[in-house]
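Right, one structure below, let's go through it.
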Amino acid sequence: MRRVPTASQTVGPFFSFGLERPEWADLTGGGKATGENIRIEGHVTDGDGAPVPDALIEIWQANAAGKYDHPDDRQDKALDPHFRGFGRCATQADGSFAFTTVRPGPVPGRGNALQAPHIGVCVLARGLLRHLYTRVYFEDCGALNETDPVLASIEDPARRRSLVARQTAPGTWRFDIRLQGEGETAFFEV
């Protein structure tokens, strides 16, 4: 009997032509979305610090008003017809990725506890048998970050900092993803 890996066991050669959609890296409808347009950029590296040139990064987030375009979000807030809330970007040869999106508003979490503005991230890459899930928070949301129930659940300050993007220029935020080893990004089990 010959065993063949399934899609959940390997990224495989179908990755780029089956999943990559470069236009999905812009969630703003070409800049038409309401709110502050921002750029999230970074690199994906492995445990040795080497770039991962064939990862796929997916993001999902609330709009600038703090509302998700999802039936479970029943908040009385407007949806933005120009904002998708979901994006996908393949890494380049140097492990880099970039998204154009809007800065999300805060959203209610469990028990209506307010969560700081954040972006959900899913990482798919060679060698991963399961996707990795993490979040991007913004360094200038100090008080909201301090009280965010998810961010506060991470006891180690260094691991907590691995989820906080830093501003490198007006409207540009840096968020690097380290898959393992020293400086590993904090990942969540979903």
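The values are calculated or read from the model by the stated rules, or taken from the named source; none is laboratory data. In this text, all values refer to a predicted model and were calculated from it rather than measured experimentally. Virtual Cβ from ideal backbone geometry, glycine too; neighbours counted across all protein chains shown. These area figures cover heavy atoms from the full protein model, side chains too; ligands, DNA and RNA do not enter into them. Shrake-Rupley method; radii C 1.70, N 1.55, O 1.52, S 1.80 Å.
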Rounded to the nearest 10 Å², the 1.4 Å probe accessible area of residue 161 is 150
For the stretch 92-190, the Debye formula with one identical point scatterer on each Cα and no solvent gives log10 I(q)/I(0) at q = 0.11, 0.12, 0.14 Å⁻¹ as -0.34, -0.41, -0.56
With a 1.4 angstrom probe the carbon and sulfur portion of accessible area for the stretch 91-142, in percent, totals 50
GNM on the chain, Cα springs under 10 Å; top mean-square fluctuation among 40, 59, 154 goes to 154
Note to self, the chain gives a 222 nm [θ] from helices alone (DSSP H runs n ≥ 4, -39500 (n - 2.57) apiece, / all residues, nearest 500) of -2000 deg cm²/dmol
Checked the stretch 131-183 against the a/c 1.5 cut and the a/b vs b/c comparison, axes a ≥ b ≥ c from its Cα gyration tensor; verdict oblate
If one builds a Gaussian network model of the chain from Cα atoms under 10 Å apart, the most fluctuating residue listed among 75, 61, 180 is 75
In nm, the gap between the two label points placed 7 Å beyond Cα toward Cβ at residue 94 and residue 20 is 1.7
In debye to the nearest 20, the charge dipole size for the chain, taken about the Cα centre with +1 at each Lys and Arg Cβ and -1 at each Asp and Glu Cβ, equals 400
Under a Gaussian network model of the chain whose springs join Cα atoms within less than 10 Å, the largest fluctuation of 95, 66, 111 belongs to 111
Residue-normalised value, i.e. accessible area per residue, for the stretch 129-190 at 1.4 Å probe, in Å², stands at 61
Correct semi-axes for the stretch 71-147, from √(5λ) of the alpha-carbon gyration tensor and rounded to whole Å with the largest first, are 26, 16, 14
Taking only the alpha-carbon positions of the chain as identical scatterers, the Debye log10 I(q)/I(0) at q = 0.16 Å⁻¹ comes out as -1.05
Extension length gain for residue 167 and residue 184 (0.36 nm per residue less Cα distance), in nm, is 4.1 nm
Ignoring ligands and nucleic acids, residue 67 exposes an accessible area, probe 1.4 Å, in Å² to the nearest 10, of 20
Whole-Hz Karplus couplings 3J(HN,Hα) for the stretch 65-71, θ = phi - 60° and coefficients 6.51, -1.76, 1.60, Gly and Pro as x, run 7, x, 10, 8, 8, 8, x
